[in-house]
Amino acid sequence: MKSRRRARELAIQGLYQYQYAGGDAAEIIDHLKELDGFEQADDEMLERLLSGVIREIDALPSPRAPHAT
């Protein structure tokens, strides 16, 4: 069985890569495939997580934005 936990870990790594270097989900996943343990990850979940966050990134609140009071 593929690991959902490993997919989440790789998604976080992929988001850091996106934040640092940009690119699209497919390019980032190609890079992540080179990492040890990629074959253990649920690759469908990884693709859904990474592409979904990248697609909706502008709608997410900025971590630097002040909290609503």
Residue 41 fails exactly one of the following numbered conditions: (1) exposed (fewer than 15 other Cβ atoms within 10 Å of the Cβ); (2) modelled with pLDDT of 95 or more. What is the number of that condition? (1)
Check on residue 8, in contact (Cβ under 8 Å) with a residue 24 or more places away in the chain and not hydroxyl-bearing (Ser, Thr, Tyr): yes
Only residues that are within 20 Å of residue 60 (Cα to Cα), open to solvent by 90 Å² or more (accessible area, probe 1.4 Å) and over 8 Å from the mean Cα position of the chain (by Cα): list them for the stretch 1-38, please. 19, 20
Please indicate, with yes or no, whether at least one residue in the stretch 53-64 is among the polar types (S, T, N, Q) and surrounded by 11 or more Cβ atoms within 10 Å (Cβ to Cβ). no
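The values are calculated or read from the model by the stated rules, or taken from the named source; none is laboratory data. Computed from a predicted model, the values in this text were never measured in an experiment. A quick note on method: Cβ atoms are made from the backbone with ideal geometry, for glycine too, and the neighbour counts reach across all protein chains shown. Side chains included, ligands, DNA and RNA excluded: accessible areas come from the protein's heavy atoms. Shrake-Rupley method; radii C 1.70, N 1.55, O 1.52, S 1.80 Å.
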